[in-house]
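Reviewing the structure listed below.
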Amino acid sequence: DRAWLERELAAVGNTPIGVGFITWSLARQPELLDLALDHAPKAVMLSFGDFRPFVPRIRRTAAKLVVQVQTVAQARQTIDAGVDAIVAQGTEAGGHGGARATLPLVPAVVDIAGKTPVAAAGGIADGRGLAAALMLGAAGVLCGTAFYASREALAHANAKRAAVEGSGDATLRSSVFDTARGLDWPAEWNLRTLANDFTRRWHGDAAGLTHNIGRERQRFEAARDAGDTSIAAVIVGEAVDLVRTSEPAAAIVQRLVAEAQARLRMF
């Protein structure tokens, strides 16, 4: 929303930044794009929704346009629009996503992307995943779960601990946390998190959660503020098995690259 975006933009000062938007939400408040572009971001990333109405405004600036997709059909739209980079996101990803798996989706997008670079996302949290993505033809990777427990991440300390102790076996895609937060996400994209008492109670019972939303939203918000991960969401993906410590983001990047280089030298 505007207040959050204004606060974050003010905090970075003259530091070079990129700005990402949930596209269907941006369509409801398109003036926020102008607010971001006024700060001359190096890149704008759009995910989840029709990005095409925003292309002309972004193209009038020096910002690079990155679009995240979950299907080959969506990727074709980005290529037709001439975006600067595509993120092909598999369903293994934490947070919102679609139904296609990373391993077959990425090369399918690469095959039609031509010279447009493709980044692989979903289920990648170490150098083996980076090396695998490069072997599939990706130009790089986009990682979220790998950095969830990093020192710089803004997640609650309890959520970071839950991620470090978590397993990809214990993640699921569900809409219960969107309902609890009052977010009307389109049905084609749901949210991958660690399962907890809240999902075990309400996953599969959307009508029941909606009927009890006054009480349950209050419980959820209190748990989120307190870092109670039995109720609050820990938004990580299937690669959470590979996150076993909290460390600086720079160390994570350096390790991913070194591991990938070592793997690629084997071939």
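The values are calculated or read from the model by the stated rules, or taken from the named source; none is laboratory data. Keep in mind the model is a prediction, meaning the values are calculated, not measured. Here the Cβ positions follow ideal geometry from the backbone for every residue, glycine too, while neighbour counts run over all protein chains shown. These area figures cover heavy atoms from the full protein model, side chains too; ligands, DNA and RNA do not enter into them. Shrake-Rupley method; radii C 1.70, N 1.55, O 1.52, S 1.80 Å.
Mind checking which residues of the stretch 1-60 are out of contact with any Lys or Arg (no Cβ under 8 Å at 6 or more places or on another chain), over 29 Å from Glu188 (Cα atoms) and surrounded by 15 or more Cβ atoms within 10 Å (Cβ to Cβ)? Residues satisfying the conditions are Leu9, His39, Pro41.
Closer than 27 Å to Ala233 by Cβ and open to solvent by less than 50 Å² (accessible area, probe 1.4 Å), is that true of Val69? Explain how you work it out, then say what you get.
Numbers: closer than 27 Å to Ala233 by Cβ: yes; open to solvent by less than 50 Å² (accessible area, probe 1.4 Å): yes.
Considered against the rule, which asks whether it is closer than 27 Å to Ala233 by Cβ and open to solvent by less than 50 Å² (accessible area, probe 1.4 Å), Val69 comes out as yes.
Looking at the stretch 117-151, which of its residues are aromatic (Phe, Trp, Tyr) and buried (at least 24 other Cβ atoms within 10 Å of the Cβ)?
Answer for the stretch 117-151, where residues must be aromatic (Phe, Trp, Tyr) and buried (at least 24 other Cβ atoms within 10 Å of the Cβ): just Tyr148.
Taking the conditions (1) closer than 30 Å to Leu172 by Cβ; (2) touching a helix residue (DSSP H, G or I) at 6+ places or on another chain (Cβ under 7 Å); (3) open to solvent by 10 Å² or more (accessible area, probe 1.4 Å); (4) of a type in the set (A, V, I, L, M) in turn, Ala101 satisfies each one other than (2).
Going by the structure shown, is Arg255 over 22 Å from His96 (Cα atoms), among the charged types (D, E, K, R), assigned to a helix (DSSP H, G or I) and open to solvent by 50 Å² or more (accessible area, probe 1.4 Å)?
On the way: over 22 Å from His96 (Cα atoms): yes; among the charged types (D, E, K, R): yes; assigned to a helix (DSSP H, G or I): yes; open to solvent by 50 Å² or more (accessible area, probe 1.4 Å): yes.
Taking the combined requirement at face value, the residue satisfies it.
Of all strands (runs of 3 or more DSSP E) completely enclosed by the stretch 115-231, which ones contain at least 3 residues that are within 18 Å of Leu242 (Cα to Cα) and modelled with pLDDT of 95 or more?
Qualifying strands (runs of 3 or more DSSP E): 190-194.
Annotation note: of Asp184, Asp197, Asp228, the sole residue that is under 28 Å from Thr71 (Cβ atoms), open to solvent by 40 Å² or more (accessible area, probe 1.4 Å) and not polar (S, T, N, Q) is Asp184.
Scanning the stretch 74-91 finds one or more residues that are surrounded by 15 or more Cβ atoms within 10 Å (Cβ to Cβ), assigned to a loop (DSSP other than H, G, I, E, B), in contact (Cβ under 8 Å) with a residue 40 or more places away in the chain and β-branched (Val, Ile, Thr). Regarding Val109, is this residue in a strand (DSSP E or B), closer than 21 Å to Ala43 by Cβ and modelled with pLDDT of 95 or more? Spelling it out, it is not the case that Val109 is in a strand (DSSP E or B), closer than 21 Å to Ala43 by Cβ and modelled with pLDDT of 95 or more.
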